[in-house]
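Remarks on the structure that follows.
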Amino acid sequence: MNIIDTSLAIDRVAEGKAIREDITVITAMEYPLILEYKNFYGRIIYPEKEDLDLAVELQSKLGKRGAMKGAETL
């Protein structure tokens, strides 16, 4: 499974390129126009609670290092 982030999805739409990779629900929320894009062939991935708990844990550790990441990179 390949997942692309919001910025890459936006670039692909702007270029009129096909998107065969999946996106997360975060990308769908940040860029809902992708849901109407005729060349989007991927799926929307909804994280499970365990995934979200892990993301919070990782973000907390990164924050202590001064290196927090955007949600699409976790």
(request) Set Lys and Arg Cβ to +1 and Asp and Glu Cβ to -1, take the dipole of the chain about its Cα centre, and tell me which of Ala14, Val56, Thr27 lies farthest positive. (result) Ala14
(request) Please report, in cubic angstrom per residue, the volume enclosed by the convex hull of the alpha-carbon atoms of the chain. (result) 88 Å³
(message) What is the angle, in °, between the Cα long axis of helix 49-65 and the longest principal axis of the Cα atoms in the chain? Nearest 10 is fine, range 0 to 90.
(response) 60 degrees
(request) Kindly provide the helix-only [θ] at 222 nm of the chain, computed as the sum of -39,500 (n - 2.57) over DSSP H runs of four or more divided by all residues, to the nearest 500 deg cm²/dmol? (result) -13500 deg cm²/dmol
(request) Check each of the GluC sites (Glu not before Pro) in the chain and keep only those in coil by DSSP with at most 15 other C-beta atoms within 10 angstrom; list them in order. (result) Glu48
(message) As an exercise, identify the trypsin sites (Lys or Arg not before Pro) in the chain lying in DSSP coil whose Cβ has no more than 14 other Cβ atoms within 10 Å.
(response) Lys17, Arg20, Lys38, Arg43, Lys69
(request) Would you mind working out the magnitude of the charge dipole of the stretch 6-67 relative to its Cα centre, with +1 at each Lys and Arg C-beta and -1 at each Asp and Glu C-beta, to the nearest 20 Debye? (result) 180 debye
(message) Please list, by residue number, every one of the chymotrypsin sites (Phe, Trp or Tyr not before Pro) in the chain that is coil in DSSP and has at most 11 other beta-carbon atoms within 10 Å.
(response) Tyr41
(message) Need one number: nm distance between label points at Glu50 and Lys17, each 7 Å from Cα along Cα→Cβ, rounded to one decimal.
(response) 3.3 nm
(request) Mind pulling the angle between the C-alpha long axis of helix 6-15 and the longest principal axis of the chain? Nearest 10 degrees, somewhere in 0 to 90. (result) 20 degrees
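FYI, it's all coordinate maths here, none of it is from the lab. Computed from a predicted model, the values in this text were never measured in an experiment. For neighbour counting, all protein chains shown are included, and Cβ atoms are generated from backbone atoms with ideal geometry for every residue, glycine included.
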